[in-house]
Ligand SMILES: Nc1ncnc2c1ncn2[C@@H]1O[C@H](COP(=O)(O)OP(=O)(O)O)[C@@H](O)[C@H]1O
Ligand SMILES: [Mg+2]
């Protein structure tokens with residue numbers, strides 16, 4: 001069989017597919033296959049992936065996960081107490097790590113070996129280079145990462161005080177400034193050809209709205225993680241979101257309802273339905289998660305217990321991004337929840353956000369060990 005080399009140079013990690021023709025078997029990397037995006041009969045909005053061999057066209061690969069959002073340098077300082085006005089104190093320790101909810105979620109997709117693009121902005125500085133390197137190492141495609149001259153890379157100073165109290169100062173920088181009034185044709189194109197678009201709330205709402213509208217117009221599902229700026233969510237954004245994903249406190253803030261019991265969470269989700277959101281993926285920390293779909297019974301997913309919980313930073317980002325990856329791969333909602341719970345369980349066992357995000361093999365091993 002004549003198969004032309006694909007023009008794309010990425011994702012050699014997809015398994016080779018073995019075609020057996022009488023006595024001969026030919027190994028064809030799956031990146032040579034044509035993937036088509038079919039409508040899922042169980043839910044007309046969500047695509048299911050199918051592939052067929054087609055040597056006449058240049059293969060395009062599976063429709064990517066496109067994460068649009070923030071990239072941050074998180075500057076951690078360990079101190080005994082906050083300095084007084086005019087005082088200089090020494091920190092016990094300090095560390096600067098790549099982060100930001102957008103970059104975190106993109107890295108999670110990349111580490112799970114799903115074709116993932118990050119669309120975001122950094123400044124022309126060392127922090128921008130740190131984030132770019134972390135994304136690259138995570139296997140994320142950076143064609144839509146823009147370096148802007150007029151703003152610093154977004155950063156956060158996280159003051160970890162003894163006694164477990166944290167004080168955080170955020171500089172929005174390139175996450176909040178220098179966005180074009182209208183996204184470029186090339187940015188809009190990658191959004192329209194995505195399998196799923198993933199958003200959070202650490203970039204201007206106006207950008208998220210443009211992205212969500214472009215995705216919706218092309219039939220691409222949009223997941224909005226509620227994490228980030230704690231400000232009311234514009235209705236125009238909610239109108240173009242397919243799955244809204246808050247944790248219990250974000251859900252409470254948005255709806256004004258308590259979210260301590262599962263019953264209360266159900267009532268808060270009812271309020272989301274009234275705002276026009278049809279699906280709500282609630283993250284409940286050690287109580288697990290639940291996916292609510294209007295008109296259906298909620299699907300509950302308990303945590304997959306971790307041998308030891310070291311650091312829950314990034315657990316929410318890992319959960320949302322892994323859920324998106326599983327869904328775009330055509331897994332059912334139930335399977336996608338389980339996949340996300342396994343990825344998040346591995347995340348809480350390692351310090352940091354991006355460094356703690358698991359690879360695909362580790363997630364599959366954990367799931368198989370529980371079969
Ligand atoms: N102690 C834990 N053990 C195992 N998994 C956990 C634990 N804490 C959180 N998780 C997983 O991480 C997911 C996201 O964590 P959560 O705290 O709900 O998100 P967020 O970081 O947004 O507040 C949970 O739904 C759960 O699957
Ligand atoms: Mg939490």
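The values are calculated or read from the model by the stated rules, or taken from the named source; none is laboratory data. Keep in mind that this is a model prediction, so the values were computed, not measured. Don't worry about glycine lacking a Cβ; one is built from the backbone with ideal geometry, like all the others, and counts go over all protein chains shown.
A compact table of results
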{"quantity": "Candidates 335, 296, filtered to the one that is more than 16 Å from ligand 2 (Cβ to nearest atom), closer than 25 Å to residue 116 by Cβ and in the same structural domain as residue 197 (by TED's automatic domain parsing)", "calculated": "335"}
{"quantity": "Residue among 208, 247 that alone is touching a residue at least 40 places away in the same chain (Cβ under 8 Å) and within 16 Å of ligand 2 (Cβ to nearest atom)", "calculated": "247"}
{"quantity": "Test: residue 272 is in contact with a strand residue (DSSP E or B) (Cβ under 8 Å, 6 or more places away or on another chain) and more than 14 Å from ligand 1 (Cβ to nearest atom)", "calculated": "yes"}
{"quantity": "Qualifying positions in the range 343-354 - free of Cβ contacts under 8 Å to residues at least 60 places away in the same chain and either in contact with a helix residue (DSSP H, G or I) (Cβ under 9 Å, 6 or more places away or on another chain) or within 12 Å of ligand 1 (Cβ to nearest atom) (or both)", "calculated": "344, 345, 346, 347, 348, 349, 350"}
{"quantity": "Sole residue being closer than 21 Å to residue 138 by Cα, touching a helix residue (DSSP H, G or I) at 6+ places or on another chain (Cβ under 9 Å) and within 16 Å of ligand 2 (Cβ to nearest atom), chosen from 324, 306, 340", "calculated": "340"}
{"quantity": "Sole exception among (1) in contact (Cβ under 8 Å) with a residue 24 or more places away in the chain; (2) assigned to a loop (DSSP other than H, G, I, E, B) for residue 180, by number", "calculated": "(1)"}
{"quantity": "Any hit, the range 98-110, residues being farther than 25 Å from residue 158 by Cα and buried (at least 24 other Cβ atoms within 10 Å of the Cβ)", "calculated": "yes"}
{"quantity": "Residues located in the range 291-308, provided they are within 21 Å of the chain's Cα centre (by Cα) and more than 9 Å from ligand 1 (Cβ to nearest atom)", "calculated": "291, 292, 293, 299, 300"}
